[in-house]
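Data first, discussion second: the structure below is written as structure tokens.
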Amino acid sequence: MQAIIFDLNGTMINDMDYHTRGWLYLLNNVLGGDFSWDEVKPQMYGKNQEVLVRMFGAGRFTDEEMERLSIEKERRYQQEFLPNLALLPGLQEFLEKAYQLGIPMGIGSAAIPFNIDFVLDNLNIRHYFSAIVSADDVILSKPNPETFLKVAQLLNVEPTECLVFEDVPKGVDAAENAGMKAVVITTTHEADEFSDKQNVLCFANDFEDNDVDALLARFNIHRSSDV
């Protein structure tokens, strides 16, 4: 393996509950829906416009309306989450180690740039990443592999040489469809929800997990020996 690709929400930061709250408020209080937490949570993948279509059906909103609603939801999410914005335990150290080792790193996220910038700039971690692919940069969302394949291309690394960190099954599917192995961070879903995934190397609660440290050490050995 030669490069690392991170999903953002739920993988680098533990914010998925805040996204669910933001969607619940928008769907129910603004748009007049009657959705429960359990109905909304499994639909929170892909682009915001795709979430709106899944929840209300095609043709309900114009593209302009969906763009406006998307920003409205993200503003509410950012306002609520900002006081708690932090990297997952161990990730700052993990990023610094990988950076010092010269391992190329990128972000492949279904988030819009508005949210990616919110995280990278508030946490001052943009310098770690040589490639960033957002929802605006792709036509097809995860589980389609386009997001991860574009990151690999920008990093100038073969897809099969990339290791992906993800937190949701659709993201792991996207990695598999791109020919990439994955590490699952269990902030959002339990390990048994990935039982059918063949490309998962390990599960971890966060980046302090011993298995994650072992992966980074192995990564360095592989790079040093050109394996």
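The values are calculated or read from the model by the stated rules, or taken from the named source; none is laboratory data. This structure is a prediction, so every number in the text was calculated from the model and none was measured. Here the Cβ is made from the backbone with ideal geometry for all residues, glycine too, and neighbour counts use every protein chain on show.
Points worth noting:
- Residue match in the range 21-36 (condition: outside the structural domain of residue 113 (by TED's automatic domain parsing), touching an Asp or Glu at 6+ places or on another chain (Cβ under 8 Å), charged (D, E, K, R) and farther than 28 Å from residue 180 by Cβ): yes
- Scanning the range 159-172 for any residue that is charged (D, E, K, R), surrounded by fewer than 20 Cβ atoms within 10 Å (Cβ to Cβ), in contact (Cβ under 8 Å) with a residue 40 or more places away in the chain and closer than 23 Å to residue 119 by Cα turns up at least one such residue.
- Members of the range 174-199 found to be among the small types (Gly, Ala, Ser) and more than 22 Å from residue 150 (Cα to Cα), listed by number: 191, 195
- You will find that of 60, 126, the residue that is surrounded by fewer than 18 Cβ atoms within 10 Å (Cβ to Cβ) and more than 23 Å from residue 18 (Cα to Cα) is 60 and no other.
- Complete set of residues in the range 78-105 that are of a type in the set (A, V, I, L, M) and in a helix (DSSP H, G or I): 82, 91, 95, 98
- Taken across the range 25-39, residues that are within 26 Å of residue 190 (Cα to Cα), touching a residue at least 12 places away in the same chain (Cβ under 8 Å) and not in a helix (DSSP H, G or I) do occur, with at least one present.
- Take the conditions (1) touching a residue at least 40 places away in the same chain (Cβ under 8 Å); (2) closer than 30 Å to residue 217 by Cβ; (3) among the hydrophobic types (A, V, I, L, M, F, W, C); residue 69 misses just one of them, which is (2).
- The listed residue being within 16 Å of residue 188 (Cβ to Cβ), in the same structural domain as residue 207 (by TED's automatic domain parsing) and either surrounded by 15 or more Cβ atoms within 10 Å (Cβ to Cβ) or at pLDDT 95 or above (or both), out of 89, 104, 113: 89
- Members of the range 187-211 found to be closer than 18 Å to residue 92 by Cα and surrounded by fewer than 21 Cβ atoms within 10 Å (Cβ to Cβ), listed by number: 187, 205, 206, 208, 209, 210, 211
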